[in-house]
Amino acid sequence: MHNLEHLFVEELQDIYDAENQLLEALPKMAEAAKSAKLKTLLEDHIKKTEKQKQRLEAVFKELDEKPKTKTCQAMKGLIKEAEEILKQKDDAEASVLDAALIAAAQKTEHYEIATYGTLRTWAQQLGYTNAAIKLEDNLNEEYEADKGLTLCAERVINPRAAEE
């Protein structure tokens, strides 16, 4: 960590890895979801994650850096938790499984929200206006995904899970 720009690039590499990890994990979570609404939310987020990855690649290009990853240990841990849930899917009640999947998905969203918020602010500080805009787009999509999961949980999944 020599300066803010170096830190910025390292964190871009971290979130780039996180998005790549999610692109592997989200399809498994969507497949395991019992609720059609939750399945749709997770499938939609796969498409958004692909766009977010493309935006990150554009940010790397703006910085004259090659897109590369730095292992995101945080996402690795969050996905490991999701995998533990998936191991129990055959024994779980449908809505309880979906509630657990939402919790796991929201943990990843909150990590991404924190990271994209930080990266956007650093991009602004460093004068990377276009990068800041792209990072803000990713941030806003993460907020939308989190909100969709919250509404699905509060209105549909959690009430059902409480009855099971």
Pairs under 7 Å by beta carbon, first residue touching a residue at least 24 places away in the same chain (Cβ under 8 Å) in region 110-137, partner open to solvent by 60 Å² or more (accessible area, probe 1.4 Å), six or more apart or different chains? Ile113/Tyr143; Trp122/Leu4; Gln125/Leu4; Leu126/Leu4; Leu126/Glu5; Tyr128/Glu62; Asn130/Glu62; Ala131/Glu62
Long-range neighbours under 6 Å by Cβ, at least six apart or interchain, first residue under 15 Å from His6 (Cβ atoms) within region 58-76, second polar (S, T, N, Q) and surrounded by 18 or more Cβ atoms within 10 Å (Cβ to Cβ): Lys68/Gln13; Lys70/Gln13
Examine region 94-112 for a residue that is modelled with pLDDT under 95 and not in a helix (DSSP H, G or I), and state whether such a residue exists. no
Kindly provide the set of residues from region 79-93 that are open to solvent by 80 Å² or more (accessible area, probe 1.4 Å), in a loop (DSSP other than H, G, I, E, B) and without any contact (Cβ under 8 Å) to a residue 40 or more places away in the chain, ordered by number. Gln88, Asp90, Asp91
Scan region 144-163 and give yes if some residue there is surrounded by fewer than 17 Cβ atoms within 10 Å (Cβ to Cβ) and under 22 Å from Phe8 (Cβ atoms), otherwise no. no
Go through region 17-35 and give me each residue that's over 13 Å from Ala105 (Cα atoms) and either outside any helix (DSSP H, G or I) or modelled with pLDDT under 95 (or both). Lys34, Ser35
Filter region 119-143 for residues that are surrounded by fewer than 22 Cβ atoms within 10 Å (Cβ to Cβ) and either in contact with an Asp or Glu (Cβ under 7 Å, 6 or more places away or on another chain) or basic (Lys, Arg) (or both) and give the result. Arg120, Leu126, Tyr128, Asn130
Report, by residue number, each residue of region 24-78 that is open to solvent by 30 Å² or more (accessible area, probe 1.4 Å) and of a type in the set (S, T, N, Q). Thr40, Gln54, Thr69, Thr71, Gln73
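The values are calculated or read from the model by the stated rules, or taken from the named source; none is laboratory data. Quick caveat, the model's predicted, so the values are computed rather than measured. For neighbour counting, all protein chains shown are included, and Cβ atoms are generated from backbone atoms with ideal geometry for every residue, glycine included. Side chains included, ligands, DNA and RNA excluded: accessible areas come from the protein's heavy atoms. Shrake-Rupley method; radii C 1.70, N 1.55, O 1.52, S 1.80 Å.
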